[in-house]
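Engineer: This structure is in structure tokens; I'll ask about it shortly.
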Amino acid sequence: MHKLVFATNNDHKMRELRQILSSEFELLSLNDIGCADDIPETGNTLEANAAQKSFYILDKYGIDCFADDTGLEIEALGNEPGVYSARYAGEGRNATDNMLKVLENMKNETNRNARFRCVISLILDGKERQFEGIVEGKILTEKHGDAGFGYDPIFMPHGFKQSFAEMSADDKNKISHRGRAVMKLVDYLKNI
Ligand code: IMP
């Protein structure tokens, strides 16, 4: 079976993709290939970071792979935190600090439009392709719900009355940025 590395340390993402792709691909984690490296993410865009991660695996292990990178883009903040979403409040700070910084910066802002954008970089036979998934929504004025992770409690997708942190994982996956990018990836992989 075709071996494919998913360059992530997130068990939840890994399990989800294994379920979807198990009949066509043997999906390997970083752990499975003995990679404990802190893979650099020094790009200025999601596209650059996703590609940096997938090419790192290709260069070091010579195996087909894919990597993802996600950012929260808030219109009124000039698309911040974007590629810096994981460390918006500074290195070593957590999701709560990041959310508080967003709420503070958005305190007097009436334009609450925002979107999550996920880019997946896939390398097969040395050739890279990218898949993008977007979910549009708005930034709430306070936290709602405690499921999910990251900025979920302050993001409400358009057309819904719940924040991402008030939805079940299944419901979120159906409409989320990552869910949409993964659907495009899977569609591609199942048709090659
Ligand atoms: P990553 O590229 O998937 O590691 O995501 C980078 C950062 O974006 C994370 O540390 C989170 O802060 C945020 N993020 C990514 N995906 C989600 C999501 O589905 N909900 C909320 N925040 C997210």
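Just so it is clear, none of the values below were taken in a lab; they were calculated from the coordinates. Keep in mind the model is a prediction, meaning the values are calculated, not measured. For neighbour counting, all protein chains shown are included, and Cβ atoms are generated from backbone atoms with ideal geometry for every residue, glycine included.
Engineer: With each label point set 7 Å from Cα along the Cα-Cβ vector, what nm distance links Lys60 and Glu142?
Structural biologist: 4.4
Engineer: For the peptides 171-182, 62-73, 82-93, what is the packing order when you average, over each peptide's residues, the other Cβ atoms within 10 Å and list the highest mean first? List each step's numbers first, then the result.
Structural biologist: Working: 171-182: 18.8, 62-73: 22.0, 82-93: 15.0.
Packing proxy ranking, top to bottom: 62-73, 171-182, 82-93.
Engineer: Still on this model: For Lys3, give me every one of the aspartates and glutamates with a C-alpha distance below 19 angstrom, ignoring sequence neighbours fewer than eight places off in its own chain.
Structural biologist: Asp11, Glu16, Glu24, Glu26, Asp32, Asp59, Asp64, Asp68, Asp125, Glu128, Asp187
Engineer: Just want to confirm a number: the relative contact order over the chain, from Cα pairs under 8 angstrom separated by 6+ residues, in percent.
Structural biologist: Value for the chain: 17 percent.
Engineer: Hey, another quick one. For the chain, give the magnitude of the charge dipole about the Cα centre (Cβ charges: +1 Lys/Arg, -1 Asp/Glu; no others), in debye to the nearest 20.
Structural biologist: In total the dipole reaches around 380 debye.
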